[in-house]
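Report on one structure; see the data block that follows.
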């Protein structure tokens, strides 16, 4: 494998604190007994094993506007696999909202889509709400976090991250 100690103990290797999607991990495939009755050593990428950040709002957040539009979007690889998508979001309301609904849309390759509400809009001042949603989507699906109704009164800032595997 890619450099390091030849046939050393795993505990002798340096710690990887922030794996990248293409990093290789060692796994034992217990359903493949071609190497041993206990399984076969195989490599797997970190992207297959773990969700990784795919998109995020700026550190300052996304200020809701008197309009609509996409906040975050990601398209799953068209690799024939199911993909896990998680959106975590927090909304801070600094002035009573009129409107300002936020939704999460996922569209499958066959054009069927689902649009669950993440924040309904119309929240009262002082509200700080956190929400997280997780879905399984087909290969090639596009997922979008969007402001789906105009904020015609009030003020609010949204922070969000979209994680995907």
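Using the Cβ-Cβ distance between residue 24 and residue 131 with R0 set to 35 Å, the FRET efficiency works out to roughly 0.50. Across the chain, Cα pairs under 8 Å and at least six residues apart give a relative contact order of 31 percent. From the alpha carbon centroid of the stretch 110-165 to that of the stretch 7-86 is 22 Å. In the distance distribution for the stretch 43-115, Cα-Cα pairs more than 19 Å apart total 50 percent.
Please state, rounded to one decimal and in Å, the Kirkwood hydrodynamic radius that the stretch 100-165 gives when every pair of distinct Cα atoms enters the mean of 1/r. The partial results should precede the final answer.
Values: mean 1/r = 0.0754 Å⁻¹.
Roughly 13.3 Å, rounded to one decimal.
For the chain, adding -39500 (n - 2.57) for each run of n ≥ 4 DSSP H residues and dividing by the number of residues yields -500 deg cm²/dmol at 222 nm.
The computed Cα extents along the principal axes in Å for the structure shown corresponds, within (i) 124, 29, 22; (ii) 64, 46, 22; (iii) 65, 38, 22, to (iii).
All of the numbers you see were taken from the coordinates with simple rules; none came from a lab. Owing to the predicted nature of the structure, the values given are computational and were not obtained by experimental measurement. A quick note on method: Cβ atoms are made from the backbone with ideal geometry, for glycine too, and the neighbour counts reach across all protein chains shown.
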